Amino acid sequence: MMRLFVFALALAVLASSAAASNYTQTFTLSGGLPFCSQCGSDGEYACSNGIGQFKDDFRVMDPLPFRPLDSTGDVANNVIVQVYGAFSCDTQIGMVEVDFNDVPLNVFITKPTDSCACGSCDPVLTFQGYFPSGFPDYNYGGANIVHLSMATSYICVNRIEVTIGSGKPLYPGLKSKVVSWTFSSSTNYKVCQSSGYVSTSMAAKFTDPLPENSILVLAESDIFGSYFCSSTSSSTALSAYLQDTSVDSETLQNNGKGCSGTYICDGAVRLSNSVLYQGGWPGYNLGGDNVLSIRSSPYSSRIGKAALYLYYYDFSSKEEMEQHLLTHGRELV
């Protein structure tokens, strides 16, 4: 089943753990017309076209109890961002994206309804990212940035609510890095807030971002695109490979939307089989270049964005890491 990020899933996951905790921070915009409202009191909103004091970055201070850097206790593992307002204000189809630090949570297509008439309020947009082993690149004890972006149409926002969920990590002791891409070929179309797209099969190269004396043990990926571009099948398989080793494969059911239109997006698909490689990810080049490959079949897909989450174990010294690799039949190249 397609792993789309939905609020109900996030709540269910958080509720499943008695140790989980939620912390919510609210950011309310202001400066709108004094006789007009958008999901709140008169004047309590701002628009991305210059009306009011619009913001697209929000500093979210880490609300979790003090956590030493090397702690294996609770981690931030779930982020929910809800945007209240009116969208697609100038009668065009639009796109709205929310990122948390370097992690893209999701991209939604918005369609004109009431053209942001005073007193109107569109259904809330809910973005979420759940990472069982800890939210990648989360800034413990400091500020994290929620970034709101939109394309092709302006929006009016009353408030943004950010909920940080925490709990015991699925795999304690792992740290993480994020690598992301926004593709720009085939620029006649915009896919999931990109300036273009690439068609599968695709390969995205990156240089290993992990610190010295660490090994990659787990990889996950989020893919943002439209997935049913050419076929008559009822489903398609979307797969990701890191250095030719499978990250995961998901069977997606045809949503009937196709790939017609200039602005398209089926949303995010999480690819993660949670396989751990204690001897290091097969074929991964520490300190060198690596490749993430995305493939779909029988449908071709248009991919606008992709993110790769690298979970690694940090050793105290090069000697300790080399001994660990030798124990598992590998040598440091």
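The values are calculated or read from the model by the stated rules, or taken from the named source; none is laboratory data. Every value quoted in this text rests on a predicted model; they were computed, and no experiment measured them. Note that we place each Cβ from the backbone using ideal geometry, even for glycine, and neighbour counts take in every protein chain shown. Areas reflect the complete protein model, heavy atoms only, side chains present, ligands, DNA and RNA absent. Shrake-Rupley method; radii C 1.70, N 1.55, O 1.52, S 1.80 Å.
Laid out as a table, the results:
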| quantity | calculated |
| --- | --- |
| Within region 21-55, considering residues that are among the polar types (S, T, N, Q) and part of a loop (DSSP other than H, G, I, E, B), the one most open to solvent (accessible area, probe 1.4 Å) | GLN53 |
| Candidates SER115, SER149, SER153, SER166, filtered to the one that is open to solvent by 20 Å² or more (accessible area, probe 1.4 Å) and on the phi < 0 side of the Ramachandran plot | SER149 |
| The lone exception for LEU325 - which of (1) open to solvent by 20 Å² or more (accessible area, probe 1.4 Å); (2) at pLDDT below 90 it fails | (1) |
| Single condition VAL157 does not satisfy, out of (1) under 19 Å from the mean Cα position of the chain (by Cα); (2) among the hydrophobic types (A, V, I, L, M, F, W, C); (3) not in a loop (DSSP other than H, G, I, E, B) | (1) |
| Enumeration of residues in region 65-86 that are open to solvent by less than 30 Å² (accessible area, probe 1.4 Å), over 18 Å from the mean Cα position of the chain (by Cα) and modelled with pLDDT of 90 or more | GLY85, ALA86 |
| Output for region 256-291, where each listed residue is open to solvent by 60 Å² or more (accessible area, probe 1.4 Å), over 29 Å from TYR312 (Cβ atoms), in contact with a Ser or Thr (Cβ under 9 Å, 6 or more places away or on another chain) and not basic (Lys, Arg) | THR262, TYR263 |
| Residues of region 87-106 satisfying the condition of being among the polar types (S, T, N, Q) and surrounded by fewer than 24 Cβ atoms within 10 Å (Cβ to Cβ) | THR91, GLN92, ASN101 |
| Members of region 227-240 found to be over 18 Å from the mean Cα position of the chain (by Cα) and either in contact (Cβ under 8 Å) with a residue 24 or more places away in the chain or within 19 Å of ILE109 (Cα to Cα) (or both), listed by number | PHE228, CYS229, SER230, SER231, SER233, THR236, ALA237 |
| Exclusive hit being within 30 Å of GLY31 (Cα to Cα), touching a residue at least 40 places away in the same chain (Cβ under 8 Å) and open to solvent by 20 Å² or more (accessible area, probe 1.4 Å), set THR126, THR182, THR207 | THR126 |
| Scan of region 79-102 for residues that are closer than 17 Å to THR152 by Cβ and outside any strand (DSSP E or B), ordered by number | PHE87, SER88, CYS89, ASP90, THR91, GLN92, ILE93 |
| Residues that are within 11 Å of ALA219 (Cβ to Cβ), at pLDDT 90 or above and of a type in the set (Gly, Ala, Ser), drawn from region 274-305 | none |
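Per-residue answers, yes or no, for (1) in contact (Cβ under 8 Å) with a residue 40 or more places away in the chain; (2) closer than 22 Å to ASN22 by Cβ:
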{"position": "GLY85", "(1), (2)": "yes, no"}
{"position": "ASP99", "(1), (2)": "yes, yes"}
{"position": "ASP102", "(1), (2)": "yes, no"}
{"position": "THR113", "(1), (2)": "no, no"}
{"position": "ASP137", "(1), (2)": "yes, yes"}
{"position": "TYR140", "(1), (2)": "yes, yes"}
{"position": "VAL157", "(1), (2)": "yes, no"}
